[in-house]
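Every read-out reported here was derived from the displayed coordinates using simple, explicitly stated rules and does not represent laboratory data. All of these numbers come straight from a predicted model, not from anything done at the bench. Cβ coordinates were reconstructed from backbone atoms using ideal geometry, including for glycine residues, and neighbour counts include every protein chain displayed.
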Amino acid sequence: MYKSKYRLQVFHKGKLLTAYKCVFGPNCTLQKQQEGDRRTPEGTFTILNVKDHDKWEKFMLLDYPNEESRRIFEEAKANKLIPANARIGGDIGIHGIWLNGDNVIDMKHNWTDGCVALKNKDVAELATIIQPGITRITIYR
């Protein structure tokens with residue numbers, strides 16, 4: 001997944017299966033540092049589960065924060081880039097968008113609190129492709 005390209009690509013055994021337009025949190029070119037910064041984390045994550053969601057069609061929870069995320073977070077604290085009492089946050093995932101909101105994805109409007117948003121038809125399709133607990137995603141700048 002490339003934040004700078006607003007694109008989520010799905011590969012299986014090195015072959016591109018499909019790709020979707022997506023949007024992120026504001027300032028998508030920056031790495032997530034702490035809870036509340038609304039940035040989308042970069043790194044490799046496992047999709048833990050997929051649930052129906054009354055507002056976003058589906059919600060696929062990522063294993064953020066994982067070990068690498070915690071290392072980056074602690075390093076930012078040690079370098080005084082974030083407050084000593086900052087929290088790492090969580091509940092980052094891939095989800096759909098409100099009803100009739102597809103144009104927001106097409107316009108590349110970054111609006112989430114750090115999650116990845118797709119069109120509802122795309123997130124529903126993606127949910128049929130991934131395997132919770134197995135499928136890994138990598139989010140690049």
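For region 5-50, applying the loop criterion from DSSP together with a ceiling of 10 other beta carbons within 10 Å to the trypsin sites (Lys or Arg not before Pro) yields Lys13.
Shown for Ser69, Ser4: other C-beta atoms within 10 Å of each C-beta, ranked fewest to most, produce the order Ser4, Ser69.
Axis of helix 67-78 versus longest Cα principal axis of the chain: the two differ by about 40°, to the nearest ten degrees.
Please state the relative contact order of the chain as a whole percent: Cα pairs under 8 Å, 6+ residues apart?
Working: 294 pairs, mean separation 49.8, N = 141.
With pairs under 8 Å counted, the relative contact order is 35 percent.
In a reduced charge model with +1 at each Lys and Arg Cβ and -1 at each Asp and Glu Cβ, region 31-141 shows a dipole moment near 280 debye about its Cα centre. In this simple spin-label model, placing a label point 7 Å from the Cα along the Cα-to-Cβ direction at both Arg7 and Arg70 gives a separation of 3.5 nm.
For region 40-54, backbone nitrogen atoms closer than 14 Å to the point 7 Å from Arg87 Cα along Cα-to-C-beta are found at no residue. Sorted ascending by nearby beta carbons within 10 Å, beginning with the fewest, Thr128, Thr135, Thr112, Thr40 become Thr128, Thr135, Thr112, Thr40. Estimate the FRET efficiency between Ala78 and Leu17 by the formula 1/(1 + (r/R0)^6), using the beta-carbon distance for r and 35 Å for R0, to the nearest 0.05. Taking R0 as 35 Å, the efficiency between Ala78 and Leu17 is 0.30. Using a Gaussian network model of the chain in which every pair of alpha carbons under 10 angstrom is joined by a spring, one finds that among Gly14, Gly93, Gly36 the greatest mean-square fluctuation is at Gly14. In terms of other Cβ atoms within 10 Å, His95, His109 run from fewest to most in the order His109, His95.
Need one number: % antiparallel among DSSP beta bridges in the chain, to the nearest 5. If you can, show how the numbers build up before the last one.
Details: 21 of 24 bridges.
Expressed as a percentage, antiparallel bridges in the chain total about 90.
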